[in-house]
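Structure first, then comments.
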Amino acid sequence: MKTTIKINLAGQVFTLDEDAFQMLKEYLDSISKKFRDMEEGNEIITDIESRIAELFQQRIHEKKQVITIEDVKEVIEIMGHPEDFDEGEVVTVTLTTGIQSFGGAPLDSAFVWSFTSLVCGGTGVLSVDSIYPAGGQPYSVFAADLDGDGDLDLAATNNSSNDV
């Protein structure tokens, strides 16, 4: 017999084994310590907690209602450890007037901008169940080596805000 604990994570209630709860608490405390003093730290922590809740939800079904320490270990492996959450690389994007819409219309003028990617402990491999924010009314996605590092990068165009 094991002791279980009910928790509320991202607005969802989960039942965890006591050892799973302790491991999750230590993990979330380390996440909080990493991000709490950052300008957008609370938002990052909330996003991480929401993703953990999604991953927990995938592990619950009619015959399994309790999150185990094995589940928590799997989720931590997917999410990564706080030391993996370092600032990403600078990405420079260039859109030339040679780019055309699906209707064949070219861009009126070229655009160049840079941003720093945010690394959240992932492996760099997109998975089927991942959700990536793409701004208002995403229109299309483009994959290319935008920063010249040999890895594919993604850019999503936004129909309503005219940005990527």
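A few points about this structure:
- Around the amide H of D153, modelled in the peptide plane, lie the amide H atoms of A144, D145, L146, all under 5 Å away and 5 or more residues distant in sequence or on another chain.
- Amide hydrogen neighbours beyond the local backbone of I99, cut-off 5 Å, H modeled: L107
- Cut-off under 5 Å, modelled amide H: who pairs with S140 long-range: T157
- Length gained when the stretch L146-E74 is fully extended (0.36 nm per residue, less Cα-Cα span): 22.7 nm
- Summing +1 for each Lys or Arg and -1 for each Asp or Glu among the other residues whose beta-carbon sits under 12 angstrom from that of I5 gives 0.
- Overall form of region 1-96 per C-alpha gyration tensor (a/c, 1.5; a/b vs b/c): prolate
- Among the listed pairs K33/K63; K33/K73; K33/K64, those beyond 29 Å (Cα-Cα): K33/K63; K33/K64
Throughout, read-outs are computed from the coordinates displayed, never taken from laboratory work. In this text the structure is predicted, and so the values were computed from the model without any measurement. For neighbour counting, all protein chains shown are included, and Cβ atoms are generated from backbone atoms with ideal geometry for every residue, glycine included.
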